[in-house]
Amino acid sequence: MEYPGKTVNLTRKCCLAACNMNEIEVYIMVVPLLRTGHNVRMSAVRLPSAILYSKLSDGACKVGALKMRFKDQLKKLLSKCDITDFEVLANDRGLWKTAFKTGVVRFEKAQTEDSSLLRGVYISTRLLSLR
């Protein structure tokens, strides 16, 4: 924001709050979680369900590392949202939507608290270095 004769630096948190938006990572998390609930409920012979539960035949990975499956990436997302036993939750559509939405809200809240804590540490160290 600019005022006559002054420039004000806003944090990302302030800009997102002013625009009533979520973090970009939250938007990226929501789609796979929604799709996963759908994939768990569908037949095992259909392609999306088969991809969820199978290893991919080709793909690149770090030397010495195991090939990552979609399910492995999903487990990372679920652990960020504090969701356990996703297959049981995903079989009930309403329960799944509630579980993942509250998990995403908890993740975003924890993320903003961490970022504000880090910003406070940064500002305090910057003020100490100016003295």
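Of note:
- Taken over the stretch 68-97, the residue count meeting the criterion of being out of contact with any Gly (no Cβ under 6 Å at 6 or more places or on another chain) and in a loop (DSSP other than H, G, I, E, B) is 5.
- In the stretch 78-111, residue surrounded by the most Cβ atoms within 10 Å (Cβ to Cβ) [restricted to those that are closer than 18 Å to S49 by Cα and among the acidic types (D, E)]: D92
- F100 under 13 Å from L33 (Cα atoms), assigned to a helix (DSSP H, G or I) and touching a Cys at 6+ places or on another chain (Cβ under 9 Å): yes
- Residue-level check: of (1) among the aliphatic types (A, V, I, L, M); (2) modelled with pLDDT of 75 or more; (3) farther than 27 Å from A110 by Cβ, V88 misses just (3).
The values are calculated or read from the model by the stated rules, or taken from the named source; none is laboratory data. In this text, all values refer to a predicted model and were calculated from it rather than measured experimentally. All Cβ positions, even for glycine, are placed from backbone atoms using ideal geometry, and neighbour counts span all protein chains on display.
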